[in-house]
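All remarks here apply to the structure that follows.
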Amino acid sequence: MGLLKGLRIIDLSTVLMGPYGSQILGDYGADVIKVEPPEGDVVRQIGPTRHAEMGPLFLNVNRSKRDIALNLKQAESRAVILKLIETADVLITNIRPRAMARLGLSYEELADLNPRLIYAAYVGYAQNGPYADRPAYDDLIQGGACISHGFVRAGGKPSYVPAAIADRIVGMAGVNAILAAVIERTGSGKGQKIEIPMFETMVSMIMGDHLGGLTYDPPLDKGGYARHLSADRRPYETKDGYVCCLVYTDGHWQRFFKAIGRSEILENDDRFSNFNSRMANIDFVYATLSELLRTKTTAEWLEVFENADVPAMPMHSYASVLEDPHLVATGFFQSEDHPSEGKLRQMAVPVRFSRTPASSSRHAPRLGEHGPEILTEAGFSDTEIAELQSSGALRVMKEN
């Protein structure tokens, strides 16, 4: 049943950050109850889709969960949530704190109900600062956390990484914090509130690489890790495509130059002589490598790098990665039969446990799919469930 069997989580989060974190916990065996509004999590609508409310982004961040659809603005729904929280271990939310307070779901109110509750609040910004009430989205946080500036320092235009990396990284940071609190509770017997801010989490991550000379007082430079900011640190163009490689250590460069019959470069050019020299001349070093790699095909270079034991990978597309021989051999992409969506491609849990393997325990739920089941477990009668549905407090899944 998984590593976290017996851990019960009420998930009030939507979009990506919170749901990604709660999916990880669900894959690890926790009983995750996703609470959605009657209109559903907005990412259900992001296509392409086979059916409304079941888009691929939702499917890939909400497996291993049960689902109930409640209108939290109605008093009846709040009573349902309180009943579920009475026996929960963790509440996850990315609803802004003031809105949670208006719903009567602040930590202070819920801690009185369940003193063992771990209340994990994903927020945009630390709540003791002037940005506390601002909305936060991945694009904003990428810019604020210096990711876009990094593209400029590398010689390009301000850009965003074309993936919701802030949402997903902060989602994982929340998993770490939640599990740390669960461990602490085994000794203290007490719950607590956890605040996981997007802005501070991402600044901590990015500036860990790029604080550089700004680490010192007075500063030694304007910050930035030169190797990461080199214009030629990128996939290298070959005769017929691109290849990703990292010729990094002294041994890498010795074997690389020997493999291509150019050992004289290492012998005659001090800029390649050792690690410190290469770092001091990183733009020249990477520009030279870029020119050399245009002389062979991608397949030829991959063979050279493998034989020389130099790290390299093909530059995959979203389609070609599905056929990567390593991922095929490890069974990373798996086929699933979904009750409403038919055959789907799913990704395995990447972490391997020797004794208690983790895996998806449930398909991504349809909106309100498990509502009656969850309420019955909580002690509601069939009549009470029917009344909740008729009042609009509960939305029950429509049969296809």
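Annotations
- Residue count, the stretch 164-221 (criterion: surrounded by 12 or more Cβ atoms within 10 Å (Cβ to Cβ) and under 21 Å from Ile85 (Cα atoms)): 17
- Within the stretch 349-385, being among the basic types (Lys, Arg), out of contact with any Asp or Glu (no Cβ under 8 Å at 6 or more places or on another chain) and in contact (Cβ under 8 Å) with a residue 12 or more places away in the chain holds for one residue alone: Arg362.
- Residue within the stretch 377-387 that is in the same structural domain as Ile24 (by TED's automatic domain parsing), touching a strand residue (DSSP E or B) at 6+ places or on another chain (Cβ under 8 Å), modelled with pLDDT of 95 or more and not in a loop (DSSP other than H, G, I, E, B) present: yes
- Any chance Gly261 is out of contact with any strand residue (DSSP E or B) (no Cβ under 9 Å at 6 or more places or on another chain), without any contact (Cβ under 8 Å) to a residue 12 or more places away in the chain, in the same structural domain as Ala30 (by TED's automatic domain parsing) and not β-branched (Val, Ile, Thr): no
- Flag for Pro135 being within 28 Å of Gly26 (Cβ to Cβ) and free of Cβ contacts under 8 Å to residues at least 60 places away in the same chain: yes
- If you go through the stretch 263-318 and keep only what is of a type in the set (D, E, K, R), outside any helix (DSSP H, G or I) and crowded, with 17+ Cβ neighbours inside 10 Å, you end up with just Lys296.
- Test: residue in the stretch 196-219 that is in contact with a helix residue (DSSP H, G or I) (Cβ under 9 Å, 6 or more places away or on another chain) and on the phi > 0 side of the Ramachandran plot: yes
- Once the stretch 80-89 is narrowed to residues that are surrounded by 15 or more Cβ atoms within 10 Å (Cβ to Cβ) and either at pLDDT below 95 or in contact with a strand residue (DSSP E or B) (Cβ under 8 Å, 6 or more places away or on another chain) (or both), the residue that is farthest from Gly392 (Cα to Cα) is Asp89.
- All of (1) assigned to a helix (DSSP H, G or I); (2) more than 26 Å from Lys398 (Cα to Cα) hold for Ser22 with one exception: (2).
The values are calculated or read from the model by the stated rules, or taken from the named source; none is laboratory data. Nothing here was measured: the structure is a model prediction, and the numbers come from that model. Virtual Cβ from ideal backbone geometry, glycine too; neighbours counted across all protein chains shown.
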